[in-house]
Amino acid sequence: MAELDKLLSVIENPTRRRILEALVREPHYPLQLSKELGISQQAVMKHLKVLEAYGLVRSYREESDLGGPMRKKFYPALNFTIVVDVSPNLFSAELISRRDNVLPEYGRGAERDDDFEENVKALRQKSASIDAQLEELRHQREKLIREKESIMDEANRLMTCMEDYQLRRIMYEFISHPEMELSDIARALSIRDEVVIHALKEWLRSKG
């Protein structure tokens, strides 16, 4: 969760999100971002330093079109997805890193494309196809999330018979995250492993 918390603390700022949105389109230098976002270069540089410190952007230098000093252009440098689910019976926050993805090579001039119009049309069609598939996946995911919510709603009703608060916390994690080992549950709840093991053993013994 530590890495997720750091990333959320960075991208919660709307100006930084606007900067990232601009950089995704193409690399920008601070003056460009200042004009596009309507804020000072000083403010832009402040946000870029934060983004750079957390590895979300990098930079390279290129010659100025006006013959001035070399200028620094920034581009996005981290691939990740954040998924957050919140409902009365479910909370989940997950960071999915895709660090193995190869970043585009910036700073190189593009070659002339004689079939520009056809290529644009083909790219739009591919993009539309991918968007349609992603939308279908979202619908499937929403259905599964509703099923998980139903499971946790039933689990919460079952746990109302447990008087011990600590045991209810442990059982919630035990049911909600079946992939987790007992040591993982202990770490997630910031309690000792033996506390989790003892609580579950005592509960099973009481039911035996």
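Every read-out reported here was derived from the displayed coordinates using simple, explicitly stated rules and does not represent laboratory data. Model, not experiment: these values are computed from the prediction. Cβ sites come from the backbone with ideal geometry, for glycine too, and all protein chains shown count toward neighbours.
Per-structure values
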read-out: Estimated 222 nm signal from helices in the chain, with DSSP H stretches of n ≥ 4 weighted -39500 (n - 2.57), rounded to 500; value: -19500 deg cm²/dmol
read-out: Within straight-line cross-link reach of LYS201, lysines at Cα separation under 29 Å, skipping those fewer than 8 residues along the same chain; value: LYS148
read-out: Too-long pairs where the Cα-Cα distance tops 22 Å, listed order kept, from LYS6/LYS46; LYS73/LYS126; LYS46/LYS73; LYS46/LYS72; LYS6/LYS35; LYS143/LYS207; value: LYS73/LYS126; LYS6/LYS35; LYS143/LYS207
read-out: On Cα atoms only, tilt of 116-159 relative to the major axis of the chain in degrees; value: 20
read-out: Inter-label distance, nm, simple model (7 Å from Cα along the C-beta direction), GLU181/ARG168; value: 3.0
read-out: Cα centroid of segment 1-28 to Cα centroid of segment 42-86, whole Å; value: 10
read-out: Bins of 10 Å from zero: percent of alpha-carbon pairs in segment 2-78; value: 19, 53, 23, 5, 0
read-out: Extension gain from VAL83 to GLU194, taking 0.36 nm per residue of separation minus the Cα-Cα distance; value: 36.8 nm
read-out: Rounded to 10°, Cα long-axis angle of helix 165-176 versus longest principal axis of the chain; value: 60
read-out: Nearest-20 debye value, the chain charge dipole, Cβ charges on Lys, Arg, Asp, Glu; value: 640
read-out: Simple spin-label estimate for THR160 and ASP115 in nanometres, 7 Å along Cα-Cβ; value: 6.5
